[in-house]
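Written below as C-alpha cells is the structure these notes are about.
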Amino acid sequence: QKSAQKIKIYPKSEHTFEAFKKCKYNDLRLVIIAMEPYAGDVNGIPQADGLCMSSSLTNKVQPSLSAFYDGIEQELYNGLNLSAVKGADLNYLAEQGVLLANYSLTVEAKKIGSHSNINLWLPFWKLLIENVFNQYNPGLIYLLLGKEAEKVEKFILPFNSYVFKCKHPSYYARTQQPWDSEGALKQINTILKQNNGSEISWLE
C-alpha cells in the first residue's frame, strides 16, 4: 500500500484564520476580500501570513502589495511615494477594524488557484456572511478585489451593506502600475466619517 504524499498548505495552519484574530470583531468596520494566499515561500518560510496581500513572515513586499500601496498613495496622498517606507505587514489595517481576508483562506504550496478553483471556502463565506455579518453588522462595508472575491456578493444583503468592487492589485502589478480602487477608498472613508467620525488611515 502506497502512503499518501504529504501536501503542504499555505499559510501554516496556525495562521489560517489570522485575519480574524488580528481584526477584533467588535472593531470590525470594513471587510476586504481578495483572492488567495501567496503560494510561494522564501527559504522555506511561507510568504502568506494569513492577511491578504501581507507577507510579514518574510518581510518581503510582494508585487501585489506594492501596487496596493501605490494605488493608495495615488488616490489619497497625491503620489507622495510613502509606500517606499512601508513594510510587508498589513496588521496596522487590521488594528483599525479592517478584516483582510482572502476568498480562499488556503492554497496548496506552489499551486496557484488550487483551492480557489474548486471554491473550497465558499461555504464558509456563505455561513459567515448570512448568519453573522448580515444579521449583526448592519452598515458593514465590503471591498471585493477581483472575480474570485465577487463570488461572495450573492450572500450580502444589498440594502443592509455597502459593496465596492474593483480589480485585484495583482492585475496592476503585472504591468507595474498603481492599483486603481476606482474611488472606493475615498468613498469608504466618507461613509465611515458620516457613520462614526473615524476614517481609516490607509498608510498608517
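The values are calculated or read from the model by the stated rules, or taken from the named source; none is laboratory data. Source: prediction; values computed, not measured. Virtual Cβ from ideal backbone geometry, glycine too; neighbours counted across all protein chains shown. Areas reflect the complete protein model, heavy atoms only, side chains present, ligands, DNA and RNA absent. Shrake-Rupley method; radii C 1.70, N 1.55, O 1.52, S 1.80 Å.
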**Request:** Determine, yes or no, whether Ser161 is in contact with a helix residue (DSSP H, G or I) (Cβ under 7 Å, 6 or more places away or on another chain), of a type in the set (Gly, Ala, Ser) and under 28 Å from Ala67 (Cβ atoms).
**Result:** no
**Prompt:** For Leu80, which of the numbered conditions (1) at pLDDT 90 or above; (2) part of a loop (DSSP other than H, G, I, E, B); (3) farther than 23 Å from Trp121 by Cα; (4) aliphatic (A, V, I, L, M) fails to hold?
**Reply:** (1)
**Asked** For segment 95-130, what are the residues that are open to solvent by 20 Å² or more (accessible area, probe 1.4 Å) and either among the β-branched types (Val, Ile, Thr) or assigned to a strand (DSSP E or B) (or both)?
**Response** Glu108, Lys111, Ile112, Ile118
**Positions within segment 190-200 being more than 17 Å from the chain's Cα centre (by Cα) and either surrounded by 13 or more Cβ atoms within 10 Å (Cβ to Cβ) or not in a helix (DSSP H, G or I) (or both), in sequence order** = Ile191, Leu192, Gly197, Ser198, Glu199
**Item:** Test: Gln177 is open to solvent by 70 Å² or more (accessible area, probe 1.4 Å) and without any contact (Cβ under 8 Å) to a residue 60 or more places away in the chain
**Value:** no
**Fill in**
Checked pairs for segment 16-36, first among the small types (Gly, Ala, Ser), second surrounded by 17 or more Cβ atoms within 10 Å (Cβ to Cβ) and assigned to a strand (DSSP E or B), C-beta under 7 Å and 6 or more apart or across chains, list as Ala19/Leu99; Ala19/Leu100; Ala19/Ala101; Ala34/Asn102; Ala34/Leu145
**Asked** Regarding Ser161, is this residue within 22 Å of Ser54 (Cα to Cα), among the polar types (S, T, N, Q) and touching a residue at least 24 places away in the same chain (Cβ under 8 Å)?
**Response** no
